[in-house]
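Note sheet for the following structure.
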Amino acid sequence: EKRAVGTAHSKIILIGEHAVVYGEPAIALPFPTLSATCIVEHSYGKILFESEKYTGPLERIPERMKGLALCINETLLELGQKQANLKITLISNIPIARGLGSSAATAMAIVRGLSNYFATPLTKTKLKTLGNIAEKYAHGNPSGIDMETVFSDVPILFQKGFMPKPLFIQKPFYLVVADTGEIRNTKLAVASILAKRKQDPKHIEHSIHLLGLYTRETKDVLMAGDLSRLGELLNLAQIELKNLGVSDEPIDHLVNVAKNEGALGAKLTGAGRGGCIIALAENGDHASMLCKRLREAGATETWFFKVEQDSEQLSCEE
Ligand code: PMV
């Protein structure tokens, strides 16, 4: 019996979220610890969809998951398989709506799974465009950073309208990710900044400008391997994100705990107002200790990972 699989990893925004919507650069990292898998099999009758959140005919998928149905239908059209009888199963360990790219990774896993099932390769651009259908439905006007990062195997500098650039990382570093357990809503967070910008353009544009400067410096700092300055830049970015109004009490709490426990820097990651924080650790042992302390302080889940230069990165295409 024919069966195919597609996968995609989650993502972490290191710095530059929100400012990226206004054309500033941002830096994002693939986060392979968490990923989404899509299994595509033959079925009889209509397209069956199976996931933790909904199992049933695709055409009756709940409104909040409609973006995935649009993405599946467009992909089948692209593959010339509009009439296919399929069972599409989604398995993911990426917490939903925490700024870790669950929706982008899910969409990318589905597009890859369908393309593999029909043994019809799609270009990189096509894969991302199809995946972004779901993102556009969920977010309104996403910058595209999530889709680019779940697609990339290496850290990237992303700027709207440009090809993402692979980043050079001189010195490996350990990053802790801690979940506040609160659902964040990217669309609302992005809209709240837009509304604030209308009221007080000078103030908001200044924060966005500073976030852009911090991101550009982060790129240089990663290249130079200066981890203490990297920590400072994460702290400075958190100040501006607070200024933009996208931090909240649970985020501030975890950020403070991380800093009190010796993190070199800490900030929210993703849209904010819920979701996760990241903290820069001194080393692997420190990262593991930070995870423990953050859980004791209320984080629902924590992870840590080593960010390093991939030897294949230098030959990375596109
Ligand atoms: O959806 P999240 O939490 O991964 O945030 C995406 C990053 C934003 O800059 C807030 C929005 C965007 O479209 O870039």
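Pick from Tyr137, Tyr174, Tyr117: which is within 16 Å of the ligand (Cβ to nearest atom) and not hydrophobic (A, V, I, L, M, F, W, C)?
None of the other options fit; the residue is Tyr137.
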Residue pairs qualifying under the 6 Å Cβ cut-off, at least six apart or on distinct chains, with the first in the stretch 9-25 being in a strand (DSSP E or B) and the second being near the ligand (Cβ under 8 Å from one of its atoms) and among the hydroxyl-bearing types (Ser, Thr, Tyr), are Ile12/Thr269; Ile13/Thr269
Residue count, the stretch 189-212, condition surrounded by fewer than 17 Cβ atoms within 10 Å (Cβ to Cβ) and farther than 25 Å from Ala97 by Cα, comes to 9
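Which one of Pro164, Pro142 is within 14 Å of the chain's Cα centre (by Cα) and buried (at least 20 other Cβ atoms within 10 Å of the Cβ)?
On the way: Pro164 fails: within 14 Å of the chain's Cα centre (by Cα).
Of Pro164, Pro142, the one residue that is within 14 Å of the chain's Cα centre (by Cα) and buried (at least 20 other Cβ atoms within 10 Å of the Cβ) is Pro142.
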Could you count how many residues in the stretch 78-114 are in a loop (DSSP other than H, G, I, E, B), within 16 Å of the ligand (Cβ to nearest atom), touching a strand residue (DSSP E or B) at 6+ places or on another chain (Cβ under 7 Å) and not charged (D, E, K, R)?
5
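Does Leu122 satisfy the condition of being under 17 Å from the mean Cα position of the chain (by Cα) and more than 16 Å from the ligand (Cβ to nearest atom)? Steps first, please.
On the way: under 17 Å from the mean Cα position of the chain (by Cα): no; more than 16 Å from the ligand (Cβ to nearest atom): yes.
It is false that Leu122 is under 17 Å from the mean Cα position of the chain (by Cα) and more than 16 Å from the ligand (Cβ to nearest atom).
Considering only the stretch 74-97, how many residues are farther than 30 Å from Thr302 by Cβ, of a type in the set (A, V, I, L, M, F, W, C) and surrounded by fewer than 16 Cβ atoms within 10 Å (Cβ to Cβ)? Lay out the reasoning, then the answer.
Step one: list which residues in the stretch 74-97 are farther than 30 Å from Thr302 by Cβ, which gives 74-88.
Filter again for of a type in the set (A, V, I, L, M, F, W, C), leaving 76-77, 79, 84, 86, 88.
This time we only want the ones that are surrounded by fewer than 16 Cβ atoms within 10 Å (Cβ to Cβ), so: 77.
Of the residues in the stretch 74-97, 1 are farther than 30 Å from Thr302 by Cβ, of a type in the set (A, V, I, L, M, F, W, C) and surrounded by fewer than 16 Cβ atoms within 10 Å (Cβ to Cβ).
Here, each number is a calculation from the coordinates, and none is a lab measurement. Because the structure is a prediction, the values reported are computed rather than measured. Every residue, glycine as well, gets a Cβ built from its backbone with ideal geometry; the counts of neighbours run over all protein chains shown.
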